[in-house]
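Below: one structure, written as structure tokens.
The values are calculated or read from the model by the stated rules, or taken from the named source; none is laboratory data. Everything quoted here is computed from the prediction, not taken from an experiment.
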Amino acid sequence: MIKTIQEQNRKASLNNSILADVTSASGNKINAYSAGESREVRLIAPYGVIWLPPVGTVAEIIKNWGRDKHAVAIGVISEDKGISPGECLLYSQGGAKIYMKNDGSVILNDSVQITKDGSSIVLNGNNEVARKGDTVEVNVPGVGTCTGTITSGSSVVKVG
């Protein structure tokens, strides 16, 4: 029993994590510096998510068995983006964003909002968009307001 506890304590002392500044990033690995340099650290992410942190961010690196060759980066220190618990925000350094809200809606790049059921899509604030089959009112100069149904779609805007 004592030998087992000692073995567990020895293994625990070899598995540790550090916060390190990302110094370079390429492919699916980073180099980072804390008390020393960690090289070619593999990046860990949920399935379907690929990430590559920019230089200057702070990454959490786990060193398994105390060796750099077994080290993995599990994430970076997040900035406060003002999201609520349960929400998810994916963003790139270039400014692209996908914000998944608790009400089920999705906001793309702060300019397109899609409701949970897809029944409403708001572009650039509150500009209304009409679709094929929608009833619309059109003000025709010299005639007045006319009501009708859109019978053909746009060659510019597509809905799948």
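One table, with the values for the structure above:
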| read-out | value |
| --- | --- |
| Filtered residues of the stretch 82-103 (kept if assigned to a strand (DSSP E or B) and hydrophobic (A, V, I, L, M, F, W, C)) | CYS88, LEU89, LEU90, ILE98, MET100 |
| Residue match in the stretch 64-79 (condition: modelled with pLDDT under 85, among the acidic types (Asp, Glu), at negative phi and part of a loop (DSSP other than H, G, I, E, B)) | yes |
